[in-house]
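The next block holds one structure in the form of structure tokens; read it before the comments.
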Amino acid sequence: MEIIVITNQKGGVGKTTTAMNLAAGLGLKDKRVLLIDLDPQANSTSGLGIEKHNINKDVFDFIVDNEPINNIIIETKTKGVNIIPSTIQLAGADIHLSMKNESEKIIFKDSLELIKNDYDYIIMDCPPSLGLINRNALSVAHKIIIPIQTEYYALEGLTQLLSTISLVKKMFNPELTIGGILLTMYDSRANLANEVKDEVQKFFKGQVFKTMIPRNIKLAEAPSTGQAIFDYDKSSRGAEAYLKLTKEVIKWEENNGKKR
Ligand SMILES: Nc1ncnc2c1ncn2[C@@H]1O[C@H](COP(=O)(O)OP(=O)(O)OP(=O)(O)O)[C@@H](O)[C@H]1O
Ligand SMILES: [Mg+2]
């Protein structure tokens, strides 16, 4: 089982779009996937068609009140994908977490151990922050995916993100690696997008996914129908790109050669 955390404290860069559609892509490839929505905005939850009134317990109950993990997992209509949903309730989690002691703060470790044979991949969609929830996610992750939008100020804030990552790695999780930098909302006709692409590739030499996610309106429309891109429009450029990304992610495991 591989735990992938999608993070960037910059808002609106394509974290949720990537979390949902990578999860769906892996499901399409017959993998068993658990998507964990760690954002109080709950965009992954609603984006995969889970409505508020169908959520009994959410990720807050798990993180703050120690609700057993199996009580909060729900099935989605997306092939192969289950979800731990989020609600706005999660916005208050940081203060609760900050009052727990250090050992209690490592919230995910034991729970994820319990379900590790049920899933091939766990994908975590992080909020745009570097708060406690984010650090907890990083402390149990195997790989990080950092989506970067190909626009002005793309690299802004990355220094803080990278130093948080290296701190978590040193203190809690020596295994943690950056699986890939993902360029999102890419428009090959725009000079600026190409400049940003070159800059990112230079900065993160060898760590950038070959797949770039194009700006594609279908990707923005799909969540309002509660569907991943493969169910909404599987012939769109967005679907093609996320399928290519899925294949790159599956390759890690093959290159890795070991089962966790
Ligand atoms: N490749 C794309 N083409 C077109 N629109 C996109 C693309 N990727 C994301 N979007 C749209 O851009 C907006 C921001 O994307 P998304 O919600 O995935 O970012 P995020 O990083 O999760 O944001 P937040 O930091 O608020 O959680 C959304 O409206 C989404 O539908
Ligand atoms: Mg998001």
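The values are calculated or read from the model by the stated rules, or taken from the named source; none is laboratory data. Worth saying up front: this structure is predicted, and the values here are computed from it rather than measured. Cβ: placed from backbone, ideal geometry, glycine included. Neighbour counts: every protein chain shown.
Checked against the criterion of being at pLDDT 90 or above, within 16 Å of ligand 2 (Cβ to nearest atom) and buried (at least 19 other Cβ atoms within 10 Å of the Cβ), the candidates 59, 81 yield just one match: 59. Among helices (runs of 4 or more DSSP H) entirely within the range 1-97, having at least 2 residues that are within 16 Å of ligand 1 (Cβ to nearest atom) and closer than 26 Å to residue 150 by Cβ singles out 15-28, 43-47.
Within the range 221-229, is even one residue more than 15 Å from residue 16 (Cα to Cα) and buried (at least 20 other Cβ atoms within 10 Å of the Cβ)? Taking every residue of the range 221-229 in turn, none turns out to be more than 15 Å from residue 16 (Cα to Cα) and buried (at least 20 other Cβ atoms within 10 Å of the Cβ). Tallying residues that are assigned to a strand (DSSP E or B) and either small (Gly, Ala, Ser) or touching a Phe, Trp or Tyr at 6+ places or on another chain (Cβ under 6 Å) (or both) within the range 145-189 yields 4. Residue-level check: of (1) closer than 21 Å to residue 183 by Cβ; (2) out of contact with any Ser or Thr (no Cβ under 6 Å at 6 or more places or on another chain); (3) free of Cβ contacts under 8 Å to residues at least 24 places away in the same chain, residue 234 misses just (1). Evaluated against (1) surrounded by 14 or more Cβ atoms within 10 Å (Cβ to Cβ); (2) among the charged types (D, E, K, R); (3) farther than 23 Å from residue 153 by Cβ, residue 215 falls short on exactly one condition, (3).
Taken as a whole, the range 47-55 holds at least one residue that is buried (at least 19 other Cβ atoms within 10 Å of the Cβ), within 20 Å of residue 225 (Cα to Cα) and within 14 Å of ligand 2 (Cβ to nearest atom).
Among the residues here, residue 160 qualifies as within 16 Å of ligand 1 (Cβ to nearest atom), surrounded by fewer than 16 Cβ atoms within 10 Å (Cβ to Cβ), among the polar types (S, T, N, Q) and under 25 Å from residue 10 (Cβ atoms). Scoring residue 35 on the criteria (1) farther than 26 Å from residue 212 by Cα; (2) crowded, with 17+ Cβ neighbours inside 10 Å leaves a single failure, condition (1). In the range 113-127, the residues that are closer than 17 Å to residue 179 by Cβ reach residues that are within 16 Å of ligand 1 (Cβ to nearest atom) and among the small types (Gly, Ala, Ser) with C-beta atoms within less than 8 angstrom, at least six apart or across chains, in these pairs: 121/23; 123/19; 123/23; 124/19; 124/137; 125/19; 125/44; 126/137. Candidates 109, 57: the one that is touching a residue at least 12 places away in the same chain (Cβ under 8 Å), among the basic types (Lys, Arg), in contact with a helix residue (DSSP H, G or I) (Cβ under 9 Å, 6 or more places away or on another chain) and closer than 24 Å to residue 249 by Cβ is 109.
If a residue must be within 16 Å of ligand 2 (Cβ to nearest atom) and closer than 19 Å to residue 162 by Cβ, how many such residues does the range 182-225 contain? Number satisfying all stated conditions: 2.
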